[in-house]
1. With a ≥ b ≥ c taken as the square roots of the eigenvalues of the C-alpha gyration tensor of the chain, please select rounded if a/c is under 1.5 and otherwise prolate if a/b is larger than b/c or oblate if it is not?
2. Would you please classify the overall shape of the range 10-52 from the alpha carbon gyration tensor, given that a ≥ b ≥ c denote the square roots of the eigenvalues, rounded means a/c under 1.5, and beyond that prolate means a/b larger than b/c while oblate covers the rest?
3. For a 26 Å ceiling on Cα separation, which of these pairs sit above it: K6/K81; K6/K97; K20/K97?
4. Using θ = phi - 60° and the Karplus relation 6.51 cos²θ - 1.76 cosθ + 1.60, list the HN-Hα couplings for the range 16-26 in order, rounded to whole Hz, with x at every Gly or Pro.
5. May I ask which residue of V64, W49, L29 lies farthest towards the positive end of the charge dipole of the range 4-101, with charges of +1 (Lys, Arg) and -1 (Asp, Glu) on Cβ and the Cα centre as origin?
6. Take E98 and Y7, extend 7 Å from each Cα along the Cα→Cβ direction, and tell me the distance between the two endpoints in nm.
7. What's the local net charge at E100, with K and R +1, D and E -1, over the other residues with C-beta under 13 Å away?
8. Under a point spin-label approximation (7 Å from Cα along Cα-to-Cβ), what is the A68-L29 distance to one decimal in nm?
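Nothing in this text is a laboratory measurement; each read-out follows from the coordinates by a stated rule. The model shown is predicted, which means the values in this text are computed figures rather than measured ones. Glycine also receives a Cβ, built like all others from the backbone with ideal geometry; neighbour counts cover every protein chain displayed.
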Amino acid sequence: MKNEVKYKDYRIGRDVYTVKLTYSPQGSLFGPEVRVEVMKWHQPPRNLWERITEWWKYYLSGWVWNPALTNASLNAYCIDKCNYEAAQRLAIERGDKEWEAM
């Protein structure tokens, strides 16, 4: 069976993240799972070249959501992972500002 791919955008503060959701019906030992890839905001790829270059141009982090292993909904899980990326970005910006202030 073929994996299904969907894209969804989430706004966290001033940032917008594109989340690529890949449903895998054969998933793992615990049943079907969804691979969650958090990326910088972009439009979904329209052709093969854009699909190939998407990973190294926009990719930030990857996670796996399995309904058998977590009580969180898929939407809440995606928001949590986007919040994590936003917190990382803010920490880096704060570090840069403090360094410049020294």
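1. Working: a/c = 2.65, a/b = 1.55, b/c = 1.70.
Oblate is the answer for the chain, as a/c is 1.5 or above yet b/c matches or exceeds a/b.
2. Numbers: a/c = 4.17, a/b = 1.44, b/c = 2.89.
Taking the square roots of the gyration eigenvalues as a ≥ b ≥ c, the range 10-52 is oblate.
3. Working: K6/K81 16 Å; K6/K97 37 Å; K20/K97 32 Å.
Going by Cα-Cα distance, K6/K97; K20/K97 fall outside the 26 Å limit.
4. So the J values, rounded to whole Hz, are 10, 10, 9, 10, 9, 10, 10, 7, 10, x, 8.
5. W49
6. A separation of 3.6 nm, rounded to one decimal place.
7. On the way: positive: R94, K97; negative: E93, D96, E98.
Net charge in that neighbourhood comes out at -1.
8. Simple spin-label model gives 1.0 nm for this pair.
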